[in-house]
Every structure is written in C-alpha cells, then in structure tokens.
C-alpha cells in the first residue's frame, strides 16, 4: 500500500513536470496550443480518477497554482478550479464506473466543461476587463483535454495487457 502511494506521488510529480514542460514549450513556440490543450487538467483528471478525491484535490491545488504562476491573470483562479476539479473527479469516479473508454471520455468531458465554466465565472468575477476567449478556441479545451486524458487511460490498459501477455 505504502509503495503504491509513493509510486503514485512520484508519477504525479513527473506528470506535473511534463505539464510544466508542455506549458513552457507551447507558450514559447505555439501559444494557440495553450488555448486548446490544458496539460495540467489532464494530470489532475488522470490522477483523481486513479487515486480519489483527496489526492486529486491536493494535486489540483498544486497544478493550479503552478499554472497560475505561468499566467498573467489573477493568481489563485486556476488553483481553485483545479482543486475542485480534482476533488469532484475523484469523488464521482469512486461512485460510478468510468473504466470503459467511451464512459471515461464522456466523464472527463463533463468534468472539463464544469472546470471551464467555473474558471470563466471566477475570472469574470475577479477581473475588471473582459475575458479573452481567443476567438472561441478556448471552448475546444474541454474536448481536447477529455480526449487526451481518455487516450492516456487506454494506453495504460494496452500496456498492462501487453505486459500480462509477456510480450
């Protein structure tokens, strides 16, 4: 049990580092990618489903604050939305079966849309000027995030099945 928790902590840390790398690279080379893909949300969704609501909330707080450090917006908005994303994703995924790909993708889409709505509401509340929606591209973010998160689970299942076959 303890080894599993330590392994998950290490994997979550590495996942967060990958998200930082993706965020940094995309910000420098392809800023439009940051609008349609949120690497931090993928990390939070993935580990919240695997480890539950407490792990998801703590990881969500950390990932959100790191994402806030990259942004020029109000510090704490992404921290709050990712905390709630991690908690609710972990909480709900413990009560319903989200293992099949289609159900997993739909679940991640719903959670990503709820995160987007919360982010928009909080940003509108704390920011005096209008929100830049990048010509509507920002609304693709939940779809891309859900698809990539679900593909990550599918890839994990494929790797486990291949390892079990001894290949």
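I'd like to know if the range 15-22 contains one or more residues that are in a helix (DSSP H, G or I), in contact with a helix residue (DSSP H, G or I) (Cβ under 9 Å, 6 or more places away or on another chain) and either crowded, with 22+ Cβ neighbours inside 10 Å or at pLDDT below 90 (or both).
Yes; the residues of the range 15-22 include at least one that is in a helix (DSSP H, G or I), in contact with a helix residue (DSSP H, G or I) (Cβ under 9 Å, 6 or more places away or on another chain) and either crowded, with 22+ Cβ neighbours inside 10 Å or at pLDDT below 90 (or both).
Which numbered condition trips up residue 89, out of (1) in contact (Cβ under 8 Å) with a residue 24 or more places away in the chain; (2) in a helix (DSSP H, G or I); (3) over 28 Å from residue 4 (Cα atoms)?
Answer for residue 89: the failing condition is (3).
Would you confirm, using the coordinates I've provided, whether residue 98 is closer than 20 Å to residue 114 by Cα, modelled with pLDDT under 90 and not in a helix (DSSP H, G or I)?
When the stated conditions are applied, residue 98 does not pass them.
What's the total number of residues in the range 118-161 that are outside any helix (DSSP H, G or I) and under 19 Å from residue 39 (Cα atoms)? Write out each step before concluding.
Within the range 118-161, the first condition is being outside any helix (DSSP H, G or I), and the residues that meet it are 127-133.
From the residues that got through so far, the ones that are under 19 Å from residue 39 (Cα atoms) too are 133.
Here the count works out to 1.
Going by the structure shown, is residue 101 in contact (Cβ under 8 Å) with a residue 40 or more places away in the chain, under 12 Å from the mean Cα position of the chain (by Cα) and surrounded by fewer than 22 Cβ atoms within 10 Å (Cβ to Cβ)?
It is false that residue 101 is in contact (Cβ under 8 Å) with a residue 40 or more places away in the chain, under 12 Å from the mean Cα position of the chain (by Cα) and surrounded by fewer than 22 Cβ atoms within 10 Å (Cβ to Cβ).
Here is a yes/no grid of residues against (1) modelled with pLDDT of 95 or more; (2) touching a helix residue (DSSP H, G or I) at 6+ places or on another chain (Cβ under 8 Å):
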{"residue": "50", "(1), (2)": "no, yes"}
{"residue": "71", "(1), (2)": "no, yes"}
{"residue": "76", "(1), (2)": "no, yes"}
{"residue": "86", "(1), (2)": "yes, yes"}
{"residue": "112", "(1), (2)": "yes, yes"}
{"residue": "120", "(1), (2)": "no, no"}
{"residue": "129", "(1), (2)": "no, no"}
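For the range 56-65, indicate whether the set of residues that are in contact (Cβ under 8 Å) with a residue 40 or more places away in the chain, under 21 Å from residue 147 (Cβ atoms), in contact with a helix residue (DSSP H, G or I) (Cβ under 8 Å, 6 or more places away or on another chain) and buried (at least 20 other Cβ atoms within 10 Å of the Cβ) is non-empty.
yes
Going by the structure shown, is residue 35 in contact with a helix residue (DSSP H, G or I) (Cβ under 6 Å, 6 or more places away or on another chain), surrounded by 20 or more Cβ atoms within 10 Å (Cβ to Cβ) and part of a helix (DSSP H, G or I)?
For residue 35, the condition - in contact with a helix residue (DSSP H, G or I) (Cβ under 6 Å, 6 or more places away or on another chain), surrounded by 20 or more Cβ atoms within 10 Å (Cβ to Cβ) and part of a helix (DSSP H, G or I) - is met.
The values are calculated or read from the model by the stated rules, or taken from the named source; none is laboratory data. Predicted model, so just to flag it, every value in this text is computed and none were measured. Quick reminder, even Gly has a Cβ in these numbers, built from the backbone with ideal geometry, and neighbours come from all protein chains shown.
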